[in-house]
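Working notes, structure below.
The values are calculated or read from the model by the stated rules, or taken from the named source; none is laboratory data. What you are looking at is a predicted structure, and each value in this text was computed from that prediction instead of being measured. All Cβ positions, glycine included, derive from the backbone under ideal geometry; neighbour counts span all protein chains shown.
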Amino acid sequence: MKLLEHEARNIFREYGIPVPAGFLIRSPGELASRMGELGERFVLKAQVEVGGRGKAGGIVVADPTTGERIAGDLFRKEIKGVPVREVLAVEYLDIQKEYYASIAIDRSTKQALILFTEEGGVDIEALAKERPEAVRRASLPLLMRDIPPFMIRDLLGAAPKEIGKVLNQLYRVFSEKDALLAEINPLVTTSEGIFAADAKLIVDDNALSRQGIKLNRDLTDREREAEMHGFSYVELKGDIGVIGNGAGLTMATLDLIEYYDGKAANFLDVGGGADQERVMHAVRLVAADPSVNVIVVNLLGGITRCDEVARGIISAGISQPVIVRLAGTNEAEGRQILDGSGYRMMESMEQAVKAAVEAVQ
């Protein structure tokens, strides 16, 4: 789950990373009563869970004469379709130099990947692609508590050595907060010292409860409902609903849909041993997506009984056509139940997927 900037900066501050003075507001009136805390110039930053706020007009420099008006404009604004409900007001920094620092999971090496460059405040992906030599990298085993001094020296190059302490503090945030990404862009030097002028933190969804986070804001309503039922579910952008049992089988179904020039609307793994009620909830959940025109149910019956699956499909009572491939335990009974209710049964996964793609075309 991606934290909002004000949430991430509060965590950074707890770990000793300097951040500019500021406060969160939920209305222009709140700014008016506290504007004196910010000085002659300050920055108003829309708090939304999307990137590119600056280019979209979500970050604006203001002063006491314009602050309340600009705050009002921000609260009436949508950033990439997301309404602004909160605004972070922070002091204006007289920046001397901007740097970039981040720590992420490198899945290929199963280590922490540390990135640092003297060219902060830019699109790091574009910089790494166009001028990879400008970005210094280091990999660190996740069991390490601190970044070794030699590694910090290699990362910093000619940058101020004081930034090394910030890198270590950022690494501790990354480790102890179960983060997938901890980023400061830009990390700036001023006459007053070093500051994290922005803060980004993405926490592993699997660790939210351990971090005391009760609600995953990144989930859609259907993804949240799926979580309540214990389904592995991800919304996609297509029109063919997918229900399988086992991540491998479900992914193979998605791959076949793509192979036959179709587009999957979701990934839903009901897990092993799914009974009639569980299958019913899965079918209804997928059918509730208005973009779904047809549903493929692809299940192998081991501990899952095909007759239970068939009854679950029928009891769902949905309007979209359902194309089914069942194999395994009580397969004949499941086929008989579905045949008698007018559902299309296919002999293979390939046939089921091809029929679904043809149906939406």
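Quick notes
- In segment 298-327, the residues that are touching a residue at least 24 places away in the same chain (Cβ under 8 Å) and assigned to a helix (DSSP H, G or I) form Cβ pairs under 6 Å with partners that are surrounded by fewer than 22 Cβ atoms within 10 Å (Cβ to Cβ) and basic (Lys, Arg), at six or more places apart or across chains, as follows: 316/284.
- Of the residues in segment 115-133, at least one is among the hydroxyl-bearing types (Ser, Thr, Tyr) and either within 24 Å of residue 193 (Cα to Cα) or not assigned by TED's automatic domain parsing to the domain that holds residue 179 (or both).
- Failed criterion for residue 72 (all others in (1) touching an Asp or Glu at 6+ places or on another chain (Cβ under 9 Å); (2) touching a residue at least 40 places away in the same chain (Cβ under 8 Å); (3) surrounded by 13 or more Cβ atoms within 10 Å (Cβ to Cβ) hold): (1)
- Filter result for the condition that a residue is touching an Asp or Glu at 6+ places or on another chain (Cβ under 9 Å) and closer than 25 Å to residue 220 by Cα, over 272, 312, 317: 312
- Where a residue in segment 334-346 is under 10 Å from residue 310 (Cα atoms) and its partner, wherever it lies, is assigned to a loop (DSSP other than H, G, I, E, B) and at pLDDT 85 or above, with Cβ under 9 Å and at least six apart: 334/305; 337/343; 343/321
- The residues of segment 212-237 that are closer than 18 Å to residue 264 by Cα, assigned to a helix (DSSP H, G or I) and acidic (Asp, Glu) amount to a single one, 223.
- The C-beta contact set for segment 79-93 (first residue among the basic types (Lys, Arg), second residue surrounded by fewer than 16 Cβ atoms within 10 Å (Cβ to Cβ), distance under 8 angstrom, 6+ apart or interchain) comprises 80/50; 80/52; 85/26.
Rundown of residues vs (1) closer than 20 Å to residue 333 by Cβ; (2) acidic (Asp, Glu); (3) touching a Phe, Trp or Tyr at 6+ places or on another chain (Cβ under 7 Å), yes/no style:
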| residue | (1), (2), (3) |
| --- | --- |
| 263 | no, no, no |
| 268 | no, no, yes |
| 271 | no, no, no |
| 283 | yes, no, no |
| 305 | yes, no, no |
| 310 | yes, no, no |
| 313 | yes, no, yes |
| 322 | yes, no, yes |
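- Hits in segment 94-106 (condition: among the hydrophobic types (A, V, I, L, M, F, W, C) and surrounded by 20 or more Cβ atoms within 10 Å (Cβ to Cβ)): 101, 103
- Residue that is modelled with the lowest pLDDT, among those in segment 219-246 that are farther than 19 Å from residue 323 by Cα and small (Gly, Ala, Ser): 230
- Listed by first and then second residue, the pairs with beta-carbon distance under 9 Å, at least 6 apart or on different chains, first residue in segment 141-161 and touching a residue at least 40 places away in the same chain (Cβ under 8 Å), second among the β-branched types (Val, Ile, Thr), are 155/114; 155/147; 155/163; 156/163; 159/189.
- Residue 16 meets each of the listed conditions (1) surrounded by 13 or more Cβ atoms within 10 Å (Cβ to Cβ); (2) within 22 Å of residue 194 (Cα to Cα); (3) in contact with a helix residue (DSSP H, G or I) (Cβ under 7 Å, 6 or more places away or on another chain) apart from (1).
- Of the residues making up segment 150-207, just one is acidic (Asp, Glu) and part of a strand (DSSP E or B), namely 183.
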